[in-house]
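Working notes, beginning with the structure itself.
Throughout, read-outs are computed from the coordinates displayed, never taken from laboratory work. What you are looking at is a predicted structure, and each value in this text was computed from that prediction instead of being measured. Please note: Cβ atoms are built from the backbone with ideal geometry, for glycine as well, and neighbour counts cover all protein chains shown.
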Amino acid sequence: MLTRPAPLPEVTREPSAALSWDPQNFAAAQQQNLNSNRRANHSEKFGSARTLQNCYIVSPARSFAPTSPSRRSLKKREKESPMNKLVLSAVVAAVALSPVLSQAAQTDAVAPATFGANINPNWQDNFFVAGQLGQTKYRTDFSHDKGTFQNVRFGWRWNGIVGPEIGYAYLGHPKTGNDIASLSVRTRALTAGVNAKYNFYNNWFVTGHAGYLRAQYKLDATLLGMNAKGTRYNDGLYAGLGVGYDLTRNFSLGLNYDNYRLNTDNGGGNFLDRKHVNVAAYSALVEYRF
């Protein structure tokens, strides 16, 4: 026998709240969803942007793409690189020279004030040797009264200023005569005296020396074809002045004028028609101190 199924229970619905349209809420929700999507895309695609700062430029207003350094930055680096090298070189040089500069500063602090490069209170450093080369002029009636002048002196100066000296001088070979008679003289002299040197402005200096000399005269006389030679000795005096410049602490150049007063009469008669002869010498000076 067929039976009729029992009827389904009736389901009742409660009336739902009425839906209303709000444009402002809709726009705010849409903007929020857009911002959320942008942040998600940014985190997903550019999470490693901080480790790639040299290759990527992160900007909210531009698309993210790998770029190379700009020309301005490259030029700036090119300008900074030589400057950095220069600064580094200066630092290295300063470090290398610091012992030398320190020693020089200590020397300047201990050394006394000086007038020039030659002043030295150490007596062992005040020896010198000087050489002169120039021309002599005999103040006589000789027809050829000029000759070569050579002088070598060795000495010492107290505090580099004043002291004794000895030397050797060659005063030339003057001549006079005619077709009947002629006379020539070769004069050499050993000298001993005092010398002085003073720096008046920086390395510029004046010098002076004076003393005693012992001269040798070698005579060569001719009369009517007959020749006679002889040697005489006599004494005399010398003095000279000069000016020069210290190129270094040990080396100087200068110009000198010297006068040698020779006695020509040794008791047996004079041979130059006078008892005394003055010989002027003009020369260049080279001096070395050690």
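Key figures
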read-out	value
Burial ordering of His209, His173, fewest other beta-carbon atoms within 10 Å first	His173, His209
Environment charge at Gln132 (Cβ cut-off 11 Å; Lys +1, Arg +1, Asp -1, Glu -1)	-1
Footprinting exposure proxy for Arg188, Arg289 (fewest neighbouring C-beta atoms within 10 Å first)	Arg188, Arg289
Segment 166-290, relative contact order in percent, only Cα pairs under 8 angstrom and at least six apart counted	18
Gain on full stretching of the segment that runs from Ile161 to Asn278 - 0.36 nm per residue minus C-alpha separation	39.3 nm
Net charge contributed by nearby residues that have their C-beta within less than 12 Å of Gly177 (K/R +1, D/E -1)	-2
Cα shape, segment 138-196, gyration tensor, a/c 1.5 rule	prolate
